[in-house]
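Participant: Below: one structure in structure tokens.
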Amino acid sequence: MVYVNRQMLTRGALAAAAGIPAILCAGAALAQAEGQPVPGGLGLPNMVTPVGLGTQQLYNMVLMPIISFIALFVLGLLIYVCYRFNEQANPIPSKLTHNTPLEIIWTLIPVLILLFISVPSLRLLAEQVEVPEASVTIKVTGNQWYWSYKYPEDQGGGFGFDQMMKPESELQPGELRLLTVDNEALVPVNEVIAVHITSNDVIHAFGVPSFGVRMDAIPGRLNQTWFKVEKEGVYYGQCYFICGKDHAYMPIVIRAVSREKYNEWLAESKQKFAGAGARVRIAAASR
Amino acid sequence: MASSTTAGAHDHPRGLRRFLFSTNHKDIGTLYIILGTIGGVVGFLLSLGMRLELAYPGVQIFPGLAELLQGADPSMALDAGKNLYNVFITVHGVLMIFFMAMPILIGGFGNWFVPIMIGAPDMAFPRLNNISFWLLVSALVLAVISMFVEGAPGMRGFGGGWTFYPPLSSNTGTPGPAMDFVILALHLAGASSILGAINFITTIFNMRAPGMTLHRMPLFVWSILVTAFLLLLVLPVLAGCVTMLLTDRNFGTMFYDPAGGGDPLLFQHLLWFFGHPEVYIVILPGFGIISQVVSTFSKKPVFGYLGMAYAMVSIGVLGSIVWAHHMYTVGMSLNAQRYFTLATMVIAVPTGIKIFSWIATMWGGSISFRAPMVWAIGFIFVFTMGGITGVVLANASADKQFHEGYYVVAHFHYTLSLGAVFALYAGFYYWFPKMSGYMYSETLAKANFWLLFIGVNIVFFPQHFLGLGGMPRRYIDYPDAYALWNMVSSFGMIFVTLSLIVWFYVIIDAFMKKRLAGANPWGVGATTLEWTLPSPPPFHQFQVLPRISGSGR
């Protein structure tokens with residue numbers, strides 16, 4: 001009975017051990033279309049901003065190897081102990097209950113590991129939180145259940161628009177269900193974009209995985225974050241805080257283009273969205 | 001080590017009087033375990049509904065469920081279904097924490113075994129114990145009713161997650177009375193836990209048998225003591241927090257409304273000041289159980305007893321000063337985020353001490369792989385898995401990639417759905433012979449273990465991948481790229497469901513076969529006082545107090 005169990009235990013443990021390297025190589029997710037989730041993806045998306053790359057490095061180079069090692073180490077110890085100190089192998093239990101040097105070691109080593117993690121982690125944190133001098137500022141407002149964008153007048157904007165999900169029935173080939181929107185928000189590539197985030201009703205959260213950006217949109221507060229997209233492309237995000245029944249249906253699309261194209265778009269949008277954004281103003285006034 | 005004398009049962013109420021008006025710690029403990037089982041089964045059924053929905057992209061079953069459960073109009077069924085999904089995630093969280101884990105671990109095992117383990121005849125305040133239990137029953141009824149009364153306009157139930165953040169939970173998001181039902185349920189559950197905590201602290205401080213010093217108490221008693229202090233400290237904060245929400249909703253105050261000078265973040269700080277210690281409230285009794293089980297089946301005293309006891313105390317203290325690591329994305333100052341990152345990471349140290357001490361307890365032992373031990377070994381592994389992803393999430397910088405995503409879901413289910421539940425099962429199989437007097441079937445118990453172990457790992461491990469890929473949590477529908485791992489995750493629910501069925505069969509089988517367990521079915525490793533009593537223990541135990549000499553562990 002016990003023998004069978006030991007075998008089962010070992011076999012189960014081996015199966016689990018085989019699973020852990022799967023997280024190990026998760027960082028090496030296949031290079032696919034950037035800016036959107038990868039089907040069956042195992043790891044972080046391809047990052048296109050300095051903060052995103054920093055996050056990717058922190059996770060893939062520091063956190064992931066360390067936690068995988070710890071998991072395998074504990075698993076290895078458990079398997080060894082079960083194998084070596086089961087009833088058959090070791091009928092007489094020892095009376096060992098203290099070993100001060102050992103206890104000091106297993107307190108100190110985790111402290112050192114945590115200190116080691118904290119250095120790159122805190123450096124990245126400062127980079128995320130301290131917004132550098134920005135050339136473009138966008139105001140993003142969360143609503144139940146869509147996002148509104150405003151581009152300020154003094155930077156060539158002076159218009160605002162709502163970004164709503166395209167319903168499944170209107171999707172063109174190549175467009176993504178639940179992710180494609182009617183109005184994309186454009187930003188110039190390789191420039192620092194500051195994003196001011198707030199909400200008109202309940203809490204939402206603005207998040208774009210490829211940027212390493214996630215920031216809550218809270219009524220009565222103006223949160224700030226930033227990104228600098230280093231590669232032209234279309235980047236998808238979603239709402240990351242539960243906000244009611246259509247929480248899953250308010251995607252974010254940011255298209256990074258060259259400065260020239262961005263300027264053209266600004267000029268076009270000024271015409272296109274002239275007089276728009278009224279809904280946002282009414283909603284704000286009604287509160 | 002200890003001797004006990006038990007006299008024949010006197011004043012032994014029967015039937016309705018025994019259970020409805022019970023003041024006996026063992027009967028109340030049993031009631032708590034039954035209540036926790038009901039809460040757990042309902043919570044499990046809710047999660048089954050969610051995983052069925054998420055098995056494929058698109059919205060499949062919830063519109064139909066909304067028509068069936070809430071009588072939604074077919075023309076409104078899609079919206080009602082989306083709302084019902086959110087109600088499910090909310091009630092699933094509330095039930096599993098407040099009405100499954102806490103009742104069974106603290107109310108059930110705590111009530112049953114804390115008095116016995118310290119050599120006391122009963123809890124200090126038996127009638128308080130009774131009201132604690134029935135308050136919790138009332139709270140459960142209110143929580144379940146909330147699913148069927150109006151919440152968001154035209155919808156039924158409150159669907160804003162178990163954290164109830166305003167403005168979604170205030171009149172802006174949920175004008176209907178569903179949220180008021182939830183708030184009152186929390187008030188009652190909170191009062192129940194506060195009274196229970198007072199009872200435990202008084203019992204442990206005043207009713208230990210002669211010779212049972214604090215440093216001789218079994219680690220399970222230590223774990224309940226620390227838990228009781230945490231409950232007593234943080235539940236009043238929750239009560240204040242939701243009371244302000246109640247007055248915001250009904251009496252025109254503006255605590256959380258920016259339009260009136262309030263701040264929604266105030267709620268989040270208060271809620272997590274309760275909420276983070278709460279996760280330790282759920283897991284600490286589990287730590288205590290694992291210590292007892294590992295020591296019993298390794299036939300060795302716990303390695304580093306004092307370190308283990310004070311690791312729990314320090315986890316309790318540290319766990320109370322790290323609450324804002326749930327709020328890294330709300331726009332806190334850089335220094336606040338630095339502090340909460342470092343303080344949170346420090347918790348890994350005492351947690352590591354516990355993991356290594358359990359392994360060191362097994363080291364040199366003579367381990368018998370009985371069912372409780374198998375659950376305990378499973379616990380050590382899955383809890384380590386949950387712990388290491390916790391170290392990742394402790395970093396405010398990395399958390400910005402994972403916040404409110406499936407990586408977080410995987411993390412806390414590894415610590416709770418796997419960790420706390422495995423500890424709960426370890427405790428259940430460890431003490432079932434003592435509580436019922438009958439032995440369970442070893443084969444069935446192990447089938448139960450392997451089904452759940454395989455099942456929950458299939459359910460939750462792929463959710464790490466979903467989180468890394470960026471899938472947000474609390475979504476009824478997801479972009480098609482996330483389909484594969486969602487399907488794998490839902491597939492795992494088959495095993496989880498089977499394991500639950502097997503567990504019920506274990507209980508039925510034990511009561512039908514009536515294999516007598518005897519006072520101590522575990523042999524020389526079981527040294528705590530409950531094994532000196534017959535199984536089941538007499539209605540009143542220790543009419544002559546046991547005297548403890550040497551280490552009580």
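Participant: Take the residues in the range A:176-190 that are in contact with a strand residue (DSSP E or B) (Cβ under 6 Å, 6 or more places away or on another chain) and more than 14 Å from chain B (Cβ to nearest Cβ); name whichever of them is nearest to residue A:232 (Cα to Cα).
Facilitator: For the range A:176-190, the residue satisfying everything is A:189.
Participant: Would you point out which residue out of B:370, B:338 is under 22 Å from residue B:105 (Cβ atoms) and either touching a Lys or Arg at 6+ places or on another chain (Cβ under 8 Å) or among the basic types (Lys, Arg) (or both)?
Facilitator: Selected residue: B:370, the only one of B:370, B:338 that is under 22 Å from residue B:105 (Cβ atoms) and either touching a Lys or Arg at 6+ places or on another chain (Cβ under 8 Å) or among the basic types (Lys, Arg) (or both).
Participant: Also: Test of understanding: among B:286, B:260, which residue is out of contact with any strand residue (DSSP E or B) (no Cβ under 7 Å at 6 or more places or on another chain) and at pLDDT below 95?
Facilitator: B:260
Participant: Yes or no: the range B:243-257 includes at least one residue that is of a type in the set (Val, Ile, Thr) and buried (at least 19 other Cβ atoms within 10 Å of the Cβ).
Facilitator: No; the residues of the range B:243-257 include none that is of a type in the set (Val, Ile, Thr) and buried (at least 19 other Cβ atoms within 10 Å of the Cβ).
Participant: Could you please tell me which pairs satisfy a Cβ distance under 9 Å, a separation of 6+ or placement on different chains, a first residue in the range B:183-201 that is at pLDDT 95 or above, and a second residue that is outside any helix (DSSP H, G or I) and among the small types (Gly, Ala, Ser)?
Facilitator: Close Cβ pairs (under 9 Å, with a partner that is outside any helix (DSSP H, G or I) and among the small types (Gly, Ala, Ser)) amount to B:183/B:169; B:198/B:124; B:199/B:124; B:200/B:124; B:201/B:124.
Participant: Also, I was wondering about something else. Out of all the residues in the range A:198-214, which are surrounded by fewer than 24 Cβ atoms within 10 Å (Cβ to Cβ) and under 17 Å from residue A:252 (Cα atoms)?
Facilitator: A:198, A:200
Participant: Can you pull out every residue in the range A:132-171 that is free of Cβ contacts under 8 Å to residues at least 40 places away in the same chain and part of a strand (DSSP E or B)?
Facilitator: A:149 - this is the single residue of the range A:132-171 that is free of Cβ contacts under 8 Å to residues at least 40 places away in the same chain and part of a strand (DSSP E or B).
Participant: With the condition being under 30 Å from residue B:527 (Cβ atoms), I'd like the helices (runs of 4 or more DSSP H) fully within the range B:43-120 carrying at least 3 qualifying residues.
Facilitator: B:111-117
Participant: Would you pick out the residues in the range B:320-333 that are in a helix (DSSP H, G or I) and in contact with an Asp or Glu (Cβ under 9 Å, 6 or more places away or on another chain)?
Facilitator: The one that is in a helix (DSSP H, G or I) and in contact with an Asp or Glu (Cβ under 9 Å, 6 or more places away or on another chain): B:325.
The rows are residues; the columns are (1) of a type outside the set (Asp, Glu); (2) facing chain A (nearest Cβ under 10 Å); (3) surrounded by fewer than 24 Cβ atoms within 10 Å (Cβ to Cβ); (4) assigned to a helix (DSSP H, G or I).
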{"position": "B:279", "(1), (2), (3), (4)": "yes, no, yes, yes"}
{"position": "B:294", "(1), (2), (3), (4)": "yes, no, no, yes"}
{"position": "B:301", "(1), (2), (3), (4)": "yes, yes, yes, no"}
{"position": "B:335", "(1), (2), (3), (4)": "yes, yes, yes, yes"}
{"position": "B:339", "(1), (2), (3), (4)": "yes, no, yes, yes"}
{"position": "B:353", "(1), (2), (3), (4)": "yes, yes, yes, yes"}
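Condition check ((1) touching a residue at least 60 places away in the same chain (Cβ under 8 Å); (2) within 11 Å of another protein chain (Cβ to nearest Cβ); (3) of a type in the set (Val, Ile, Thr)) across all residues:
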position: B:463; (1), (2), (3): no, no, no
position: B:466; (1), (2), (3): yes, yes, no
position: B:470; (1), (2), (3): yes, yes, no
position: B:476; (1), (2), (3): yes, yes, yes
position: B:480; (1), (2), (3): yes, yes, no
position: B:488; (1), (2), (3): no, yes, yes
position: B:493; (1), (2), (3): yes, no, no
position: B:500; (1), (2), (3): yes, no, no
position: B:510; (1), (2), (3): yes, no, no
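Participant: Could you list, in sequence order, all residues of the range A:117-160 that are aliphatic (A, V, I, L, M) and either out of contact with any Asp or Glu (no Cβ under 9 Å at 6 or more places or on another chain) or within 9 Å of another protein chain (Cβ to nearest Cβ) (or both)?
Facilitator: A:117, A:119, A:122, A:124, A:125, A:126, A:129, A:131, A:138, A:140
Participant: Follow-up question, since we're still on this one. Can you name every residue in the range A:73-99 that is in contact with a helix residue (DSSP H, G or I) (Cβ under 6 Å, 6 or more places away or on another chain) and more than 7 Å from chain B (Cβ to nearest Cβ)?
Facilitator: A:79
Participant: Can you confirm whether residue B:47 is polar (S, T, N, Q) and farther than 25 Å from residue B:127 by Cβ?
Facilitator: Against the criterion (polar (S, T, N, Q) and farther than 25 Å from residue B:127 by Cβ), residue B:47 qualifies.
Participant: Here is a follow-up. Test of understanding: among B:182, B:144, B:137, which residue is of a type in the set (Val, Ile, Thr), surrounded by fewer than 24 Cβ atoms within 10 Å (Cβ to Cβ) and within 28 Å of residue A:247 (Cβ to Cβ)?
Facilitator: B:144
Participant: Please verify whether residue B:133 is without any contact (Cβ under 8 Å) to a residue 40 or more places away in the chain and assigned to a helix (DSSP H, G or I), treating the condition exactly as stated.
Facilitator: On the way: without any contact (Cβ under 8 Å) to a residue 40 or more places away in the chain: no; assigned to a helix (DSSP H, G or I): yes.
Answer is no for this residue.
Participant: Follow-up. Which ones in the range B:7-64 are farther than 30 Å from residue B:460 by Cα, hydrophobic (A, V, I, L, M, F, W, C) and modelled with pLDDT of 95 or more?
Facilitator: B:28, B:31
Participant: Consider residue B:435 against the criteria (1) in contact with a Pro (Cβ under 9 Å, 6 or more places away or on another chain); (2) more than 24 Å from residue B:518 (Cα to Cα); (3) not acidic (Asp, Glu): it satisfies all of them except one. Which criterion is unmet?
Facilitator: Failing condition for residue B:435: (2).
Participant: Here's something else I'd like to know. Given the condition within 7 Å of chain A (Cβ to nearest Cβ), buried (at least 24 other Cβ atoms within 10 Å of the Cβ), touching a strand residue (DSSP E or B) at 6+ places or on another chain (Cβ under 7 Å) and under 30 Å from residue B:520 (Cβ atoms), answer yes or no: does some residue in the range B:358-372 qualify?
Facilitator: Checking the range B:358-372: at least one residue is within 7 Å of chain A (Cβ to nearest Cβ), buried (at least 24 other Cβ atoms within 10 Å of the Cβ), touching a strand residue (DSSP E or B) at 6+ places or on another chain (Cβ under 7 Å) and under 30 Å from residue B:520 (Cβ atoms).
Participant: Out of (1) within 30 Å of residue B:485 (Cα to Cα); (2) part of a helix (DSSP H, G or I); (3) at the interface with chain B (Cβ under 8 Å from one of its Cβ atoms), what's the single condition that is false for residue A:114?
Facilitator: Among (1) within 30 Å of residue B:485 (Cα to Cα); (2) part of a helix (DSSP H, G or I); (3) at the interface with chain B (Cβ under 8 Å from one of its Cβ atoms), residue A:114 violates only (1).
Participant: In this structure, is residue B:304 modelled with pLDDT under 95 and either under 27 Å from residue A:208 (Cβ atoms) or touching a helix residue (DSSP H, G or I) at 6+ places or on another chain (Cβ under 7 Å) (or both)? Show your work before the answer.
Facilitator: Working: modelled with pLDDT under 95: yes; either under 27 Å from residue A:208 (Cβ atoms) or touching a helix residue (DSSP H, G or I) at 6+ places or on another chain (Cβ under 7 Å) (or both): yes.
Yes; evaluated as a whole, the condition is true for this residue.
Participant: Being assigned to a helix (DSSP H, G or I) and facing chain B (nearest Cβ under 10 Å) is the filter here; which residues of the range A:41-59 pass it?
Facilitator: A:51, A:52, A:54, A:55, A:56, A:58, A:59
Participant: Got at least one residue in the range B:239-247 being within 14 Å of chain A (Cβ to nearest Cβ) and under 30 Å from residue A:198 (Cα atoms)?
Facilitator: yes
Participant: Given the criterion in contact with a helix residue (DSSP H, G or I) (Cβ under 9 Å, 6 or more places away or on another chain), among the hydroxyl-bearing types (Ser, Thr, Tyr) and not in a loop (DSSP other than H, G, I, E, B), identify the matching residue among B:169, B:193.
Facilitator: Values: B:169 fails: not in a loop (DSSP other than H, G, I, E, B).
So the residue among B:169, B:193 that is in contact with a helix residue (DSSP H, G or I) (Cβ under 9 Å, 6 or more places away or on another chain), among the hydroxyl-bearing types (Ser, Thr, Tyr) and not in a loop (DSSP other than H, G, I, E, B) is B:193.
Participant: Keeping to the range B:196-231, report how many residues are part of a helix (DSSP H, G or I), among the hydroxyl-bearing types (Ser, Thr, Tyr) and more than 26 Å from residue B:142 (Cβ to Cβ).
Facilitator: Counting residues in the range B:196-231 that are part of a helix (DSSP H, G or I), among the hydroxyl-bearing types (Ser, Thr, Tyr) and more than 26 Å from residue B:142 (Cβ to Cβ) gives 3.
The values are calculated or read from the model by the stated rules, or taken from the named source; none is laboratory data. Please read these numbers as outputs of a predicted model, since none were measured by experiment. So basically every Cβ, Gly included, is an ideal-geometry build from the backbone, and we count neighbours across all protein chains shown.
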